[in-house]
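To start, the structure under review is shown below, and the notes come after it.
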Amino acid sequence: MKIVVLTGSPHHSGTSEQLADAFVKGATEAGHQIYRFDAGRRAKEFSLLQLEDDHPGQEVAVEPEDVITTEVIPHLLEADLVVFVSSLYYYGINAALKAVIDRFYAKNHELHGGKRAITLVSGYGQPAAFDSLQRYFDQLLDYMRWPSAGAVLAADSWNQQKLATHVEEAYQLGMNLK
């Protein structure tokens, strides 16, 4: 299976990165092909979505020639599974990950359907703090027509013991993909 892992956090060895690392390890051991893009650490290499708005209501994407266009999108088009990895930032996803998702716009029709998705989320707070983030992913996956193949929500990632349990969940999710 061809898998694209998109992470958003700029924190090296942060909690969401630990989830991503564990998932990638499990999926690699299971024989899957992985492409990983750590948007939070590579944000200087890409631009935000730009639209040509000469005709209001009929805007078209102006695709910059950057790492999203040349590297990420080609892998996404070939992927069987897309993994979104984010930590909770003010009730939503990381800005860098959102910027990458916004860039799907240029290949919207080609990306619809034919894939599955997984979400790996970490953060601190009560589970209700994650409601809007979960709703966002639910709506995104529904719009893209990518059924969920699983999720890990590490709402208590401040606790190292509990985080270790979530890291193991992410590893098992990658290891047991079919």
Restrict the check to region 100-117 and report whether at least one residue is touching a Ser or Thr at 6+ places or on another chain (Cβ under 8 Å) and under 21 Å from residue 156 (Cα atoms).
no
Pairs, please: C-beta under 6 Å, at least 6 apart or cross-chain, first residue within 20 Å of residue 94 (Cα to Cα) and among the aliphatic types (A, V, I, L, M) and in region 41-67, second modelled with pLDDT of 65 or more and assigned to a loop (DSSP other than H, G, I, E, B)?
67/46
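When you look at residue 63, is it at pLDDT 95 or above, farther than 22 Å from residue 16 by Cα and not polar (S, T, N, Q), yes or no? Quick ask: steps written out before the conclusion?
Numbers: at pLDDT 95 or above: no; farther than 22 Å from residue 16 by Cα: yes; not polar (S, T, N, Q): yes.
So residue 63 does not fit the description; no.
Which members of region 144-162 meet the condition of being out of contact with any strand residue (DSSP E or B) (no Cβ under 7 Å at 6 or more places or on another chain) and in contact (Cβ under 8 Å) with a residue 24 or more places away in the chain?
Keep residues of region 144-162 that are out of contact with any strand residue (DSSP E or B) (no Cβ under 7 Å at 6 or more places or on another chain), which gives 144-145, 155-156, 159-161.
If the condition is that a residue be out of contact with any strand residue (DSSP E or B) (no Cβ under 7 Å at 6 or more places or on another chain) and in contact (Cβ under 8 Å) with a residue 24 or more places away in the chain, then 144, 145, 155, 156 are the ones that fit.
The values are calculated or read from the model by the stated rules, or taken from the named source; none is laboratory data. None of these values were measured; they are calculated from a predicted model. Positions of Cβ are generated from backbone atoms using ideal geometry, with glycine treated the same way; all protein chains shown enter the neighbour counts.
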